[in-house]
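The values are calculated or read from the model by the stated rules, or taken from the named source; none is laboratory data. The model shown is predicted, which means the values in this text are computed figures rather than measured ones. No Cβ is skipped: glycine too gets one built from the backbone with ideal geometry, and neighbour counts run over all protein chains shown.
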Amino acid sequence: MRENSSRLVYFEDWMDTNAAHKVLEKADDIQVERLRYNNDKAYNDAAMARAHGYQVQSRTELIEPWFPDSELLLRAPNLVAVSSTGAGYDYIDVKACTDAGIAVVNQTGTNKESVAEHALGMMLAVSKKMIQADRRLRRENNLDRMELTGAEMLGKTLGIVGLGQIGTRTAELCKLAFKMHVIAYDPYVSESDIKSRGALKVDFETLIKESDFISVHCPRTDETLGMFGANQFSIMKNDAVFVTTARGGIVHEEELAGALERNEILGAGVDVFWKEPPEPDHCLMKLDNVLVTPHHAGITKEANTNMSVGGAEQWIALLRGNEPPRLVNPEVWPKYQERFEKILGFRPVDLDKQ
């Protein structure tokens, strides 16, 4: 290990710790320290104060006071970058990091296959009423199977909210397997780009009204917080299937439960919640026409490895002054270059403007 090596810290585990370490052990200019939540806080604070990079656990596992917010940044004067575990970064205070000259990166795309497959699986399970069938068969005698008549996906309209890498892969799977007509709402992707990704660009209201299946793949931001509520569910088709594998808070959970109780839509698949994990008495848990999973759409052996390897490789690029492939706040770069040079003694490259 070089004496002037940069320092990277993380708590407990990466998604695949061994895979991450295999990548990082080849970089003798990066010193990696694994911290434990049950360490003495003074020890963890000292490690964080020395750190140049902070690999942040997922929101579900992360505990206070180790969220990357303005308070933590004050205790980490040598920090130049933070990285989320997966694609989501809503639990990182990006504005505070940007104001301080700290780069924020994520692992978008590294778990796209797992999440897209999960979303598709939810669509199938809900539309075929597999959840109701399983539960009722376990507790009822002489079940009338005709009461569980489902719906096919073939040729139906799929509406995708957020046509990034996961949304695009979901569209691809549904078009290939079921010849679905895909429409998409994403104000940050041009009409031509949406077309190249296999969908037709529409406005939000059109998507809600025309879709037989809706799959949510957008990040949680001020714009998307609470974007699905009672009004949106009331104008969906009565036999629509609603699936979200994005982030808790995009959907108003109590209002979704009300729509399901009133049979305003056929059913829902929910992988993400405002509070994770949700309590057993959560309003959605008592309903048979909803499939719930504990924010594990992207948790597969393959995705865990991809996220960890991708994160480790990105850290090597960052801490050597190169441009990271998944930079969340590119506007930080000039200030980041100044902070990085002051702390680590050399200046990062300019961003590729192409």
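Residue count for the range 180-228 under the criterion of being part of a helix (DSSP H, G or I) and aliphatic (A, V, I, L, M): the result is 3. Surrounded by fewer than 21 Cβ atoms within 10 Å (Cβ to Cβ) and either outside the structural domain of Arg135 (by TED's automatic domain parsing) or basic (Lys, Arg) (or both): which single residue out of Pro280, Pro334 fits that description? Result: Pro334 is the single residue among Pro280, Pro334 that is surrounded by fewer than 21 Cβ atoms within 10 Å (Cβ to Cβ) and either outside the structural domain of Arg135 (by TED's automatic domain parsing) or basic (Lys, Arg) (or both). Across the range 272-329, the qualifying residues are those that are of a type in the set (A, V, I, L, M) and assigned to a loop (DSSP other than H, G, I, E, B), and the one among them that is nearest to Cys218 (Cα to Cα) is Val272. Pairs meeting the criteria (first residue in the range 242-262 and without any contact (Cβ under 8 Å) to a residue 60 or more places away in the chain, second residue surrounded by fewer than 22 Cβ atoms within 10 Å (Cβ to Cβ) and in a helix (DSSP H, G or I), beta carbons under 8 Å, at least 6 apart or on different chains) are His252/Ala230; Glu255/Ala230; Gly258/Ala230; Ala259/Ala230; Ala259/Ser234.
Taken together, the criteria exclude Ala100 from residues that are outside the structural domain of Tyr336 (by TED's automatic domain parsing) and not β-branched (Val, Ile, Thr). Scanning the range 306-354 for residues that are of a type in the set (Phe, Trp, Tyr) and farther than 17 Å from Ser5 by Cβ yields Trp333, Tyr336.
If you go through the range 37-58 and pick out every residue that is in a loop (DSSP other than H, G, I, E, B) and touching a strand residue (DSSP E or B) at 6+ places or on another chain (Cβ under 7 Å), you end up with 5. For Gly159, the criteria (1) surrounded by fewer than 24 Cβ atoms within 10 Å (Cβ to Cβ); (2) more than 30 Å from Gln57 (Cα to Cα); (3) within 26 Å of the chain's Cα centre (by Cα); (4) not aromatic (Phe, Trp, Tyr) hold in every case but one, which is (1).
Output yes when any residue across the range 97-115 is in contact with a Ser or Thr (Cβ under 9 Å, 6 or more places away or on another chain), of a type in the set (D, E, K, R) and not in a helix (DSSP H, G or I), and no when none is. No. Exactly one residue out of Asp186, Asp203 is over 16 Å from Lys112 (Cβ atoms) and either crowded, with 22+ Cβ neighbours inside 10 Å or of a type in the set (Asp, Glu) (or both): that is Asp203.
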